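Colleague: Here's a structure for you.
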Amino acid sequence: TTDILGASILIVDDQNANVQLLEQLLSEASYTNITSTMNPLEVCGLHRKNCYDLIMLDLQMPKMDGFQVMEALKTNDADGYLPVIVLTAQPGHKLQALQAGAKDFISKPFDLIEVKTRIFNMLEVRLLYRKLENYNKLLEETVQERTAELRESEARYRSLTELASDWYWEQDESGHFTKVSGPVLEMLGIRVDN
């Protein structure tokens, strides 16, 4: 819950009343990292800089509507997960927004309990996605390290087996070498007392 309440949230709506309502709602629910803008043209730059865990995006705005913002975010989002909940008063826009890449929607006028629940659920999924992504990166690094170690070990084994046919040794009953020959004696540090 602490991670969820500390998640970074961007509110995008051209109506100041909606922005203030959502900011107040999130603050009262103990969210601590809330940013907002009324200018949809700023969204991509803000997201590139801050990598928001959630973008609450109004669909009907001047200059650039929410669908255009989502298209622009798709080219901007490095991890391939578009963390957008759309805000809409148009029932017909819900399916279209989900098809455009939004992960969820909130209907206007706002039902405050629904808003809080959808935000919490979305952030929970987003943070789990990030943890999985980080785990996959760590796993990939571990596999690469182990593969490099295995290749190194195989190379050592190959060079030893190539040289093995040139080796000759005899041991006495106590395990001491009595006769040793081969080109790798110095490399192995073997001394024979004759």
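Colleague: I'd like to verify a number: residues in the range 97-154 that are touching a helix residue (DSSP H, G or I) at 6+ places or on another chain (Cβ under 8 Å), in contact (Cβ under 8 Å) with a residue 40 or more places away in the chain, assigned to a helix (DSSP H, G or I) and open to solvent by less than 70 Å² (accessible area, probe 1.4 Å), how many?
Modeller: 5
Colleague: Based on what the data block shows, is GLN60 modelled with pLDDT of 90 or more and surrounded by fewer than 19 Cβ atoms within 10 Å (Cβ to Cβ)?
Modeller: Here the answer is yes, as GLN60 does meet what is asked.
Colleague: May I ask you to verify whether LYS94 is within 21 Å of ARG126 (Cα to Cα), open to solvent by 30 Å² or more (accessible area, probe 1.4 Å), among the basic types (Lys, Arg) and more than 22 Å from the chain's Cα centre (by Cα)?
Modeller: Answer is yes for this residue.
The values are calculated or read from the model by the stated rules, or taken from the named source; none is laboratory data. The model shown is predicted, which means the values in this text are computed figures rather than measured ones. Don't worry about glycine lacking a Cβ; one is built from the backbone with ideal geometry, like all the others, and counts go over all protein chains shown. Areas reflect the complete protein model, heavy atoms only, side chains present, ligands, DNA and RNA absent. Shrake-Rupley method; radii C 1.70, N 1.55, O 1.52, S 1.80 Å.
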